[in-house]
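S.K.: One structure follows; several queries about it will come next.
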Amino acid sequence: MFNDSSNGFENIIIPMSTNHESILHSILAVAAFYRCRDTAGYKVVSLTQKENALIYLRSKVAAGLVADYDELIISAIMLCVFEVKDGSGPDWAKHLNGGRSILQSKVQECGSQKWAGGISWWANKFFGYLAVNCATGDELGPPGPLERPEFWLSQGFGVENAKDIDGFMGCSSEAMAITAAVCNLARMRNNHHIEASDIALSGNELECRLFDIRQRSTQLLLTIHEFSDLRDIVAKLVEDQSSMPRAKILALTAEARRQATFILLYVCVKDIPVHKLEVQARVMNCLLCITTVAQLMTADDSPVWGMTPIIWPLFVAGASALRDEDRFQVAEVFDQLQKSKCLGNVARARTMVKSIWKQYDMGTHFRQAELWRLYVDPNAKWPLSLA
């Protein structure tokens, strides 16, 4: 995540905190939580600020003093971020659903990409990113339009060109659309809502889309694609002194997303065993991109939360890593993520990956449906946010 127009936290949320106390307290809650790593006493401060934010919200809503809904949407976003960082307990989904419900009144027409002013355009990107990354295997009830990733994709994520890599998402909106399609196909397969022949046809179509996708960074002349030598490209990026590290980080993060989506497609849709070369080759490619991003993050102009978008591909690749050298790389990046200003739930993702490794090493033979559950819904009672 960069300090440019894609960073709604800096350009939208922080300026509004001067006029809205609930936003101010929710920002202070997240800031104090980050300080907990260095000073344990900030845990109390963070919880106090979170409670203050909720108190101000309740009082304004009860008194009918909410003049515009931007304050409620932003507060919901920040409280969602807080809960995700604080172990991804059940409350993060409550704030997410609350923000969605408020945002629904701002949407003029599904698919129109028209938003009724304010911060809705960026909130659409935030909630859409979560909707795709946090898709679950089982739907407890009929989802509304705002709970379907397809709705958010239809709104365009606020990105003009579907092939351009977005600084917030760390990939193109086209890559997010393919991820959502893979998740939806795997869900339909597990729920027996689709014929085997249709699964094979749709799976092959998605594989072709992943082969053909070209994610562009406007600050790089180089474009990573399926038929390039990835190791050679990565080596050239690292050695290139004319391009800014942030541009390299974006390109490699986007490629990590593409490689991880291949893994998800092969394992959870095409039913290819994890130990097969098709899967393990993608695991190694994904980790090559991720470890290079981790290396580049030491640069002076690296993004504030630049490693946030690699949590999802790191989780998917990590859950499929069988070689010791790959697992060491995964563990090292998780260590670096825990020390960085990252918006995702690193601790729980790391715990889940290690538990999956343990089951693999014990000789557990997963059914395809069980693998899907491990990827997207590791514990239904304690939802995991990889966003």
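S.K.: Considering only the range 195-218, I want to know if a residue exists there that is touching a strand residue (DSSP E or B) at 6+ places or on another chain (Cβ under 9 Å), free of Cβ contacts under 8 Å to residues at least 24 places away in the same chain and farther than 18 Å from residue 296 by Cα.
M.R.: no
S.K.: Here's another thing I want to ask about it. Step by step: first the residues of the range 6-25, then only those that are within 30 Å of residue 172 (Cβ to Cβ) and of a type outside the set (A, V, I, L, M), then the one that is modelled with the lowest pLDDT. Which residue is that?
M.R.: Once the filter is applied, the top-ranked residue is 6.
S.K.: Condition test on residue 224, is it buried (at least 17 other Cβ atoms within 10 Å of the Cβ), assigned to a loop (DSSP other than H, G, I, E, B), of a type in the set (Val, Ile, Thr) and at pLDDT below 85?
M.R.: Numbers: buried (at least 17 other Cβ atoms within 10 Å of the Cβ): yes; assigned to a loop (DSSP other than H, G, I, E, B): yes; of a type in the set (Val, Ile, Thr): yes; at pLDDT below 85: yes.
The answer is yes for residue 224.
S.K.: Counting just the residues of the range 49-86 that are of a type outside the set (A, V, I, L, M) and exposed (fewer than 13 other Cβ atoms within 10 Å of the Cβ), which one comes out modelled with the highest pLDDT?
M.R.: To start, the set of residues in the range 49-86 that are of a type outside the set (A, V, I, L, M) comprises 49-52, 56, 58-60, 64, 68-71, 75, 80, 82-83, 85-86.
Subset that is exposed (fewer than 13 other Cβ atoms within 10 Å of the Cβ): 51, 58-59, 64, 68.
Working: 51: 89, 58: 81, 59: 81, 64: 68, 68: 62.
Only one residue tops the list, namely 51.
S.K.: So in the range 227-245, with the set limited to residues that are hydrophobic (A, V, I, L, M, F, W, C) and in a helix (DSSP H, G or I), which one is nearest to residue 297 (Cα to Cα)? Talk me through it step by step, then tell me what you get.
M.R.: Taking the range 227-245 and keeping what is hydrophobic (A, V, I, L, M, F, W, C), we get 227, 230, 233-235, 237-238, 244.
Now drop any that are not in a helix (DSSP H, G or I), which leaves 230, 233-235, 237-238.
On the way: 230: 20, 233: 18, 234: 15, 235: 16, 237: 14, 238: 12 Å.
That would be 238.
S.K.: Let me ask something additional. Are there any pairs with C-beta distances below 6 angstrom linking a residue in the range 222-235 that is on the phi < 0 side of the Ramachandran plot to a residue that is among the aromatic types (Phe, Trp, Tyr) and modelled with pLDDT of 75 or more, with the two at least 6 apart or on different chains, and if so which?
M.R.: Pairs found: 226/211.
S.K.: Do you know which residues across the range 252-278 are surrounded by fewer than 24 Cβ atoms within 10 Å (Cβ to Cβ) and in contact with a Ser or Thr (Cβ under 6 Å, 6 or more places away or on another chain)?
M.R.: Answer for the range 252-278, where residues must be surrounded by fewer than 24 Cβ atoms within 10 Å (Cβ to Cβ) and in contact with a Ser or Thr (Cβ under 6 Å, 6 or more places away or on another chain): just 274.
S.K.: Going by the structure shown, is residue 248 among the charged types (D, E, K, R), more than 23 Å from residue 37 (Cβ to Cβ) and outside any helix (DSSP H, G or I)?
M.R.: Working: among the charged types (D, E, K, R): yes; more than 23 Å from residue 37 (Cβ to Cβ): yes; outside any helix (DSSP H, G or I): no.
No: the conditions fail for residue 248.
The values are calculated or read from the model by the stated rules, or taken from the named source; none is laboratory data. Everything numeric in this text was worked out from a predicted model, so none of it was measured. With ideal geometry, Cβ positions are generated from the backbone for all residues, glycine too; neighbour counts draw on all protein chains shown.
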